[in-house]
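See structure below.
The values are calculated or read from the model by the stated rules, or taken from the named source; none is laboratory data. All values derive from a computational prediction rather than experimental measurement. Ideal geometry is used to build each Cβ from the backbone, glycine not excepted, and the neighbour counts take in all protein chains shown. Areas reflect the complete protein model, heavy atoms only, side chains present, ligands, DNA and RNA absent. Shrake-Rupley method; radii C 1.70, N 1.55, O 1.52, S 1.80 Å.
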Amino acid sequence: MKRFWALLFLMVPVFGVLTFVVAPYFNHWFPKDISEHGRVIDQLFMFILWLTGIIFVATEGALCYFAWKYDSRTNPEPAKFSHGSHTLEVVWTILPAVTLLFIAIYQMNAWADAKMRRPNIPVTAEITGRQFNWDVRYPGPDGKLHSRDDIVRVDGDIHFPSGEEVLLIIKSADVLHSFFLPNLRMKQDVVPGMEQYMWFKARDTGRYDIVCAELCGWGHYKMKGRATFEPRSEFDAWLKEKIADQKTRTVPANETEEE
Amino acid sequence: MSTVTVDTHAHEHVEHAHTGSFLSTYVFSRDHKIIGIQFLFSTLLWFFIGGLLALGVRWQLAYPWAEMPILGKLLFSEYGGQIAPETYTMLFTMHATVMIFLVIIPILAGAFGNFLIPLMIGAEDMAFPTLNMMSYWFMWPAFLAFGASFFVEGGPGAGWTSYPPLSLTMTPQALWLIGLTSVGVASMMGSVNYLTTIIQMRAPGMSMFRLPMTIWAMFITAILQAFALPVLTAAGFMQLADLTLGTGFFLPEGWTANNAARASGGGQPLLWQHLFWFYSHPAVYIMILPAMGMVSDIIACFARKPLFGYKPMVYSIAGIAGLGFIVWGHHMFVSGMNPVLGMTFMVATMFIALPSAIKVFNWLGTIWGAKIQFTTPMLFAMSFVSMFIIGGLSGIFMAATPVDIFIHDTYFIVAHFHYVLFAGTAMAVFGAIYFWFPKMFGRMMNDNWGKLHFMLTFIFLNCVFYPMHILGVVGFPRRLADPYHYETFRHLLPLNQFITICAILMVGTQIIFIVNFFYSIFFGPPAGRNPWHANTLEWQAPSPPGHGNFDFQPVIYRGPYEYGSPEVDTDYYPQTQPPPQKDTPQSPSGH
Ligand code: HEM
Ligand SMILES: [Cu+2]
Ligand SMILES: [Cu+2]
């Protein structure tokens, strides 16, 4: 097996590409995207995947071709006594530089949409991470947060209206956490002492996971919330029900879901 | 150990203390070669421990809350043999801590830097031998502190990044921070030594642009350490003060945990992240540049052809190091840092992929038109190139800020840094051990067993780390003891079981290496001075080199990569060999 090592190196691009081709067919791919802006992120990922995929196949291919061709046991020709090539160096500096600059500029808009262009609308809810639960506070009928009629939920069951822009304040009561909505391609660390905004527009309904994506202690793994996206009318009805609920019992300040 | 042979000084040099007692020769040695080998043995031992910790993590991800066979009863008897969630956080925290601070950083700079720098530049030892000895012995407080931290309240559990405020709620973190700062002090001593030695002690004729890439890489790494480490050390002391003295550098006003308020405050948790990554991003290059240097030397040697683009290779290392100081914010895109700042860091991060690409192209240029000898070190070096391509390309996904919103803190990141650090650096280190073993111990390692070790490690590592990209695309978060109670990730269990099985096999494969390594130290065939027919200076010294290294005064006539030069009949042309036109050479180099 003279060519064994070249063939072993060939397995890298072969299986490398194959893995990414078959994974979606086994549902090992992006979770369902229910947001407006998520498409842009997925497309950017796919764009980079194609681009890097081509470079990957080309460079790995060259490596195994050279390993095949220039094996000292099979190649009678003497080694080329070359110290390099100025032209090549210039080419393979400029080409990647231009490509990288392009990717850098191309993505800026998506980043600005996700993190910089906060919509000018009232806050839908305030979400607080605490070891190990996501609490939510809705403004209540007066539309103001931190007033007497706020609706506070500490059971990790959080509802959002879908089909419209939603603005959240997210913060932490103790250590770092990260508010991660895989199905909306949204993630933001929450930092004690800081108030941050998050916004999105869901274009579908359903119940999805809220994941904590920043290590927050031994119970990090169980800091799971559930996000329900529903049409405005259902959302309002749900809020009303919770207001009625709250009137009959006072919300304990530090209730956690499962222990 | 047969590391020090009888002194054969052919020329006079400053005599070091030759007391010859066992303690001063092998334990408190000031000889750079012994210190290098001490680093090598210590780090290889920790490498093994780190590997076992990783298997603990993998076990939990494949068989969550299942009783671990045999070991579980021994280690976690109080939980009925299963891994408790706090044990799980300890396992991944200490796996990363051990691998980064006790294995990769000290094995590159400490073991190979120490052993190779004086030999490759033609010096008889380091500039400051005593400081050098201390740089090894300052690793011991780290070994002891990290080692002891396992036994305090279940061990540190704030991740290798030790983000406050979580880290400030944990007592074992004090030991962890002491360990971290000792590693910093040890590296600092080493880097001062390397810089001085490389600048001051090169043999006659060894100009900077005749240095082998290994030395260039060590030189630039030492600069990185000298500038970045003080920041980490300061930050480490600040966190230690927050933890033990009640200061509040990293705590906001009015912060409480477990319903207990802290009087102090007025600080910022993000400050730690800035300081930590200001060191730790350059540190990821500290963890790969020396490997790149060694890989360049190994590839040129077994391609029997000059290194393609020597100067671009040097400049791109310098470029990586320079840019490495202005990209730390890419670890903080979603941390709450100002998004405008994130955009700036994104542009700088994109551009750090450029010198990495240039290096890959030049390695490919080196094996183009070559006469490749597929020895074990060459296979490891070529696999470094192949794997670094993957790790470099996955970096671009995460540098793209909108994509990073989704893949940050998922297994995509885990795949990325294992491709650069395990499939890259660790494979390069294996290659370097096979390559320089003859110089260290005077004997050869077995090549066939070496190839088997290479092949199995190469296959299993790809089975372990490549599918992690896919996990990341699904959004599978890192550091979760039980990801499967999220519906989104439930179907990923079988893939994780496959990964775990391959990881166990990969660790098992290392037994081949361990046996080959120790057997060869004692029974390997004698190597002679230059078994690989290499050009660089260390191969002209005896194997193993005696005290003072060279038994002749090395004079350097050319660069390190004149393989296949038409000037001579041999396909190599040692740096010390005088050019043929200078009539009969005095042939100082006995080969
Ligand atoms: C081609 C150049 C590279 C680029 C563009 C790049 C980019 C990145 C980015 C953006 C992240 C942060 C991802 C996140 O947390 O969301 C990251 C993480 C990381 N990178 Fe790289 N990287 C490159 C090369 C390297 C190299 C050469 C190494 C090591 C030798 C390395 C080691 C790491 C490590 C250890 C982490 C994860 C740290 C942690 O969160 O625990 N990277 N890289
Ligand atoms: Cu968490
Ligand atoms: Cu980085």
Output ordering of A:181-194, B:170-183, B:563-576 (per-residue mean of other Cβ within 10 Å, highest first) is A:181-194, B:170-183, B:563-576
Per its Cα gyration tensor (rounded if a/c is under 1.5, else prolate when a/b beats b/c, else oblate), segment A:115-257 is best filed as rounded
Here the Kirkwood hydrodynamic radius of the protein assembly as shown, Cα-based and in Å, equals 28.4
For A:E195 the rounded accessible area (nearest 10 Å², probe 1.4 Å, non-protein molecules ignored) is 110
Other residues with Cβ under 12 Å from the Cβ of A:Y65 give, with Lys and Arg +1 and Asp and Glu -1, a net charge of 0
Within chain A, the percent of DSSP beta bridges that are antiparallel, given to the nearest 5, stands at 75
Most packed first (mean Cβ within 10 Å per residue), the peptides B:290-299, A:208-217, A:234-243, B:207-216 order as B:290-299, A:208-217, B:207-216, A:234-243
FRET efficiency for B:F150 and A:S85 from the Cβ-Cβ distance with R0 = 56 Å, rounded to 0.05, comes out at 0.60
Of the candidates B:G309, B:A234, A:Q43, the farthest towards the positive dipole end of the protein assembly as shown (Lys/Arg Cβ +1, Asp/Glu Cβ -1, centred on the Cα centre) is B:G309
Note on segment B:243-315: contact order normalised by length, alpha-carbon pairs under 8 Å, 6 or more apart, percent, works out to 20
For the pair B:D447 and A:R207, the simple spin-label estimate (label points 7 Å beyond Cα toward Cβ) gives in nm 6.5
Between the modelled labels at B:I504 and B:Q553 (7 Å from Cα along Cα→Cβ) the distance in nm is 6.3
In whole Hz, the Karplus estimates of ³J(HN,Hα) for segment A:168-177 (6.51, -1.76, 1.60; θ = phi - 60°; x where Gly or Pro) are 10, 9, 10, 8, 10, 9, 9, 10, 5, 9
Amide H contacts under 5 Å for A:D71, restricted to residues at least 5 apart in sequence or on another chain and with H modeled in the peptide plane, are B:I372
Along the dipole axis of segment A:125-250 (charges at Cβ: +1 for Lys and Arg, -1 for Asp and Glu; origin at the Cα centre), the most positive-end residue among A:A202, A:L167, A:T248 is A:T248
Lone Cys, the protein assembly as shown, Cβ cut-off 4.7 Å -> A:C64, A:C212, A:C216, B:C301
In whole angstrom, the spacing between the Cα centers of segment B:144-162 and segment B:38-52 equals 17
For A:K187, counting only aspartates and glutamates whose alpha-carbon sits under 16 Å away and dropping same-chain residues fewer than eight positions off, the answer is A:D33, A:E36, A:D42, A:D113, A:E126, A:E195, A:D209, A:E214, B:D404, B:D409
Once phi for every residue in segment B:264-273 is put through the Karplus expression 6.51 cos²θ - 1.76 cosθ + 1.60 (θ = phi - 60°), the whole-Hz ³J(HN,Hα) values, with Gly and Pro written as x, are 7, x, x, x, 9, x, 5, 4, 4, 4
Ordering A:I54, A:I170 by the accessible surface of their heavy atoms, 1.4 Å probe, largest first, yields A:I54, A:I170
Only helices counted: for chain B, with every DSSP H run of 4 or more residues adding -39500 (n - 2.57) and the sum spread over all residues, [θ] at 222 nm is -19000 deg cm²/dmol
At R0 = 56 Å the Cβ-Cβ FRET efficiency linking A:W29 and B:F209, nearest 0.05, sits at 0.70
If each K or R counts +1 and each D or E counts -1, the residues other than B:V473 whose Cβ falls under 15 Å of its Cβ total 0
Ordered by number, the residues of segment B:450-475 with at least 30 Å² less accessible area in the assembly than alone (1.4 Å probe) are B:M455, B:F458, B:Y466, B:I470, B:V473, B:V474
Taking chain A and counting helices only, DSSP H stretches of n ≥ 4 at -39,500 (n - 2.57) each over all residues, the nearest-500 ellipticity at 222 nm comes to -13000 deg cm²/dmol
The aspartates and glutamates whose Cα lies under 20 Å from the Cα of B:K311, excluding any fewer than 8 residues away in the same chain, are A:E89, B:D297, B:E562
Treating only Lys and Arg (+1) and Asp and Glu (-1) as charged, each at its beta carbon, one finds that segment A:118-259 has a dipole about its Cα centre, in Debye to the nearest 20, of 240
Counting only backbone N atoms under 13 Å from a point 7 Å out along Cα-to-Cβ of A:K247, the residues of segment A:114-148 in range are A:141
For segment B:328-344, in residue order, the Karplus 3J(HN,Hα) values (coefficients 6.51, -1.76, 1.60; θ = phi - 60°; whole Hz; Gly and Pro = x) are 4, x, 5, 7, 10, 3, 10, 7, x, 5, 3, x, 5, 4, x, 5, 4
Expressed in nanometres to one decimal, the distance between label points 7 Å along Cα→Cβ at B:W65 and B:Y26 is 5.1
Per residue, accessible area of segment A:101-259 with a 1.4 Å probe, heavy atoms of protein chains only, in Å², comes to 41
Checking rank on B:368-374, B:231-237, B:102-108, with mean other Cβ inside 10 Å and highest first, the result is B:102-108, B:368-374, B:231-237
In debye to the nearest 20, the charge dipole size for the protein assembly as shown, taken about the Cα centre with +1 at each Lys and Arg Cβ and -1 at each Asp and Glu Cβ, equals 1280
Output field shielding_mean for B:408-417 (other chain Cβ, 10 Å radius) holds 2
Expected integer from the mean partner chain Cβ neighbour count at 10 Å over B:355-368 is 5
Per-residue average of other protein chain Cβ atoms inside 10 Å, peptide B:336-346 -> 4
With the charge dipole of the protein assembly as shown built from beta-carbon charges (+1 for Lys and Arg, -1 for Asp and Glu) about the Cα centre, the Cα from B:I396, A:T93, B:M90 projecting farthest to the positive end belongs to A:T93
With the 1.4 Å probe rolled over protein heavy atoms, chain B has an accessible area per residue in Å² of 31
Largest-first ranking of A:Y65, B:Y285 by accessible area, probe 1.4 Å, whole protein assembly kept, is A:Y65, B:Y285
Within the under-13-Å Cβ sphere about B:Y163, not counting B:Y163, Lys/Arg +1 and Asp/Glu -1 give a net charge of -4
Chains A and B: accessible area buried, summed over both chains, 1.4 Å probe, nearest 100 Å², reads 8700
In the structure shown, of A:K115/A:K171; A:K80/B:K439; A:K2/B:K439, the pairs separated by more than 19 angstrom at the C-alpha atoms are A:K80/B:K439; A:K2/B:K439
Whole-percent carbon and sulfur contribution to the accessible surface of the protein assembly as shown (1.4 Å, no ligands, DNA or RNA) stands at 66
